[in-house]
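Contents: one structure, followed by commentary.
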Amino acid sequence: MRMNTQLKQQTWGFSGSFRAMASPCELLIATDDKQVAMQMLQLASDEAQRIEAKYSRFISANVLWQINHAQGKSVAIDAETYQLLLFAQQCYQLSDGLFDISAGKLMRLWRFDKNSAIPTPEILNQALLAVDFEQVKFTTTELQIPTEMYLDFGGIGKEYAVDRVANTLAQRWPDISVLVNFGGDIACPVKRVAECSPWQVGIEDPQRLDQALVSLQIRQGALATSGDTRRYIELDGVRYGHIINPKTGYPVVHAPRSVTVLGPNCLTAGMLATMAMLQGEQAEDFLTEQQVQFKIYR
Amino acid sequence: MQLTHKKNIAQALAIASCGLVNPVAEAATDDRFFSGWDIDAALMYYGEQDRVQAIEAIGDFQKQYDDESQLNLKVVFDSLTGASASGAVAQSQHQTFTRPSGDGQYIVGAGDTPLDDSFKDTRLQLSANWIEQLSLEWQSNIGVYGSREFDYTSLGVNGGIERSLNKDNTTLAISAAYTYDLLEPVGAKPVPLSAMAIRQDFISEQAFRQAFNLTRGDDSDDKQTLDLILGLTQIINANWLMQFNYGLSSVAGYLTDPYKILSVVDNSGTSQQYRYEHRPDSRLKHSLFALAKGVVAGDIVDISYRYNSDDWDINSHTFDGHYRHYFSDDFYGQLHLRYYLQSAAEFYQPFLLMGSILPEYASADYRIGEMTTYTFGIKFGHKLKGDHELSYRLEWYQQTPKNNGTALVGQLQQHELFPSLTAVIAQVSYSF
Amino acid sequence: MKLKICLGLLMLTLGGCSSLGVEPWQKQHFAREDMALNHEKLDLSLDDHIYFSKEGSSGGRAFAGGGCGCN
Amino acid sequence: MKYLWITLLIFVSTVSTAAPSLDVMVADKQGQLVSLSEFKGKVVYVDFWASWCGPCRKSFPWMEQMHNQYQAQGLAVVAINLDTEPRFAEQFLKDLPASFSILYNPDGDIARQFDLQGMPSSFIFNRTGELVYQHVGFFNKQQKQYEQQLIDLLKE
């Protein structure tokens, strides 16, 4: 199933686009060699599609589906899945349990188009029973989770895809500066050389979507945004963001509208943004303490 | 519900994500290996009409080290098949010759120019050159080279220095080279001017062997060459530059071609025997070379003249020129014209006469006889993305040997003793 | 005496050379790749090899040596 | 020996006696004449370049860096293009964007007065307009040394 990619010539090189992970994906490539740009775009879309096909909760019979329908039996996993679980575990520990990929079932209860209803407390409590990363038992080759539990890589899947693509492109073409942008999660692995102007990146303002308010200049590194720009529920004046607190089962209270963080790679930036969202009111203090560059909209 | 205030969550995450993002360092892909190297490759076919065919492949690798120095590596592989003129004259009856190894013979038909087809030869040559910009005005280069084929080994070193002056408009250059060649002829060195032993003239193989061995000298011999070039390059005006080289080349050692022979004919021009050629063991060559190269309405023109003379009495004039026209920025055509004429070596003679006293040196190799040659070539080139270039050329090369004034006796007058020869050169090159 | 005059003349010719040539900023044509003296160096070395093995003289542009039996 | 010296003298004298100085007028892109003496009081880095000159492509990024880093401390980088037709410079400046001032001297009379020995050539004037350093060509290895010269002059 070939992704339909599109390559456009620009004054400074090429821009390539395709869709994956339910978001617009874009590649900015600083080369005037069309063949190379085409190869890079193809590689990026193939890799994004592969990761989506493997770990998306919306696709049946993929690796994630097998894991979630093993009825408590242990499932064989490959090195990539093992690395993902290892990373999720470290995030769980670093966030004192606030980031928990075992909250898949709970996440599915919340629908985030504007007028959907809030799940009833009984259903939420019942789902909360199945949320506990401690129950996830895995080795380098095997994974076993309780029958009721659903894992969900939604929190790290897109950032992981961005970093994988950025890293593969940087190793194959070390001298070509490229910017990978999957729906706002951005990585720029090869330093944009001093003599060219840095990449311009617009950050969405939650109030006025699709109108970049602030533009950030990036020569190297990554940037990720977490926030309820599109997915939120509004009920008698209270807006509920799409970040669910796995301990309470409810969206985080007083969470900022959106948090954008700059980091060495997309996974780190994305996880810090998500953790900041989970802090609700203390998002700013949390990120200041981490001494990272960030932008928060309330 | 406070997050425990951990200071370096960001750092911990960065480390954790590294393991995930590049679990295993992928092997460097090939274009990394070649990065930084400029590579020129060429494959050439040279084919003479029913004589020698050769394939030659060249790879030239060049790398720049900061702004001042450059390494240049070259590998050349060529393979030769077919037959080349042995030096014997054509006859009205067929002729039988002993192969250089002494094992076996080859028969030449009546009226045909005798060709020796025992040459299946492959050669590999490697060379390295280091060029260093010592200062704004001074540049130096040193190089080594080696070449090996089954009967010939050659090793050499070269070096040179260049001085630019007068705002880089004038460049004086001096370069020198020393080469040592080891020859191990098939069947060992023939005794100079000894008569070829033909199996039919002997009653037994053993007797033939004995006679053949009498015509054999040492297994190998060598020669040494000293080359010197003084060069002056001068920019004339905004479009033209000129180069003047004086070359001196002194060779000492075994200069005879072990596989070449001369026919010994009687008064009726009929071959009575064949004798192995013998050339002097030294040769001092001078060359004067002048080149003008320029831009004419965007096209590139170069014309050059070379005068050679040596103590073998071979004097030659060479007129060479190219005209390159750009049909577009990335497509060009090029014309190549060359005209060459040389006088015969003093010891060159197409054949020997029975009964006359044997000269000290004699060779019937048409290549050191009187001769004119001309070359007509066309070439096309495409400049491709990423500074690559593909080019291909086709050239015709015509040699016309001449009689240097030798009276043709008897039946020799009916035969073409100075046959002309045409060859085709086809080459494709790619640089990236 | 003769030597000094020759030396003097030599210096004059070198001096004369300085009247030929162009200013550094008028050398755009000489920056062209195809104007380099060793441009198409593979073709030149292949030609040198052919003519070395087929004719009686060699050298001029580069060293005269052939490095092969070329019989 | 007398004759030798006389000939040598003749040879040397043919070299024109030119002195690079800031009291020159050079045209900008629109053709307006700019006097370099307006940069007096600053450390002035005058560079002569052309679009076809290879080493010039290496000097531009370095000059851009020097401009960004030391402009505030009083460094003025002035790059004078010597292409016979200014439009040749456009592609060069698109590949290597420069935020320092670019002037044009197509008929090369300023270059002749500065008596350039090669391309690129750069001339460094201190704050009082005296010529202090001259460089011919551009070599990555000497970038640190070139920068140190500017730093010392800026401190004066």
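Throughout, read-outs are computed from the coordinates displayed, never taken from laboratory work. It should be emphasised that the depicted structure is a prediction, and the values quoted were computed from it without experimental measurement. When we count neighbours, we look across all protein chains shown, and the Cβ atoms used for this are built from the backbone with ideal geometry, even at glycine.
In a Gaussian network model over chain B where Cα atoms closer than 10 Å are linked, find which of B:345, B:407, B:292 has the largest mean-square fluctuation.
Its mean-square fluctuation being the largest, the pick is B:407.
Enter the per residue convex hull volume of the protein assembly as shown, computed from alpha-carbon coordinates, in Å³ rounded to the nearest integer.
Given the Cα convex hull of the protein assembly as shown, per-residue volume reads 241 Å³.
Once fully extended, how much extra length lies between residue D:65 and residue D:25, figured as 0.36 nm per residue of separation less the alpha-carbon to alpha-carbon distance?
That pair, residue D:65 and residue D:25, stretches by 11.8 nm at full extension.
What fraction of the DSSP beta bridges in the protein assembly as shown is antiparallel, stated in percent and rounded to the nearest 5?
Bridges in the protein assembly as shown are about 95 percent antiparallel.
Among B:20, B:417, B:124, whose mean-square fluctuation peaks in a Gaussian network model of chain B (Cα, cutoff 10 Å)?
Highest fluctuation among the options: B:20.
Kindly identify the stretch B:39-431 as rounded, prolate or oblate by the Cα gyration tensor criterion: order the square roots of the eigenvalues as a ≥ b ≥ c, call it rounded if a/c is under 1.5, otherwise compare a/b with b/c, prolate if a/b is larger, else oblate.
Because a/c hits 1.5 or more and a/b exceeds b/c, the stretch B:39-431 counts as prolate.
In deg cm²/dmol, rounded to 500, what helix-only [θ] at 222 nm does the protein assembly as shown give when every DSSP H run of at least 4 residues adds -39500 (n - 2.57) and the total is split over its residues?
Rounded to the nearest 500, the figure is -7000 deg cm²/dmol.
Taking every residue in B:124-133, how many Cβ atoms of other protein chains lie within 10 Å of its Cβ, on average?
Per residue, the average neighbour count from other chains is 1.
Per-residue Cβ counts within 10 Å, from other chains only, averaged over A:277-286: what number is that?
2
Translational D (Stokes-Einstein, µm²/s) of the stretch D:26-155 at 20 °C and 1.002 mPa s when Rh comes from the Kirkwood sum over C-alpha pairs?
Calculated translational D: 146 µm²/s.
Report the calculated FRET efficiency for residue B:237 and residue B:61 (r = Cβ-Cβ distance, R0 = 35 Å), to the nearest 0.05.
Taking R0 as 35 Å, the efficiency between residue B:237 and residue B:61 is 0.50.
Can you grab the distance from the C-alpha centre of the stretch A:33-70 to the C-alpha centre of the stretch B:87-145, Å, no decimals?
Cα centroid to Cα centroid, the span is 61 Å.
Please identify which residues in the stretch C:49-66 have an amide N closer than 20 Å to a label point set 7 Å out from the Cα of residue B:186, following the Cα→Cβ vector.
C:53-54
What FRET efficiency, computed as 1/(1 + (r/R0)^6) with R0 = 35 Å and r the Cβ-Cβ distance, is obtained for residue A:23 and residue B:11, rounded to the nearest 0.05?
Calculated transfer efficiency: 0.80.
Count, for each residue of B:68-75, the Cβ atoms from other chains sitting within 10 Å of its Cβ, then give me the mean as a whole number.
1
So if we plug the beta-carbon distance of residue A:250 and residue A:108 into 1/(1 + (r/R0)^6) with R0 = 22 Å, what FRET efficiency do we get, rounded to 0.05?
Efficiency, rounded to the nearest 0.05: 0.90.
Once you have a ≥ b ≥ c as the square roots of the Cα gyration tensor eigenvalues for the stretch A:16-100, tell me rounded if a/c is under 1.5, and otherwise prolate or oblate according to whether a/b is larger than b/c.
prolate
Could you work out which residue, out of B:15, B:303, B:203, moves most in a Gaussian network model of chain B, that is, has the largest mean-square fluctuation with Cα springs under 10 Å?
B:15
Could you tell me the extents of the stretch A:63-152's C-alpha atoms along the three principal axes, largest first, rounded to whole Å?
42, 29, 22
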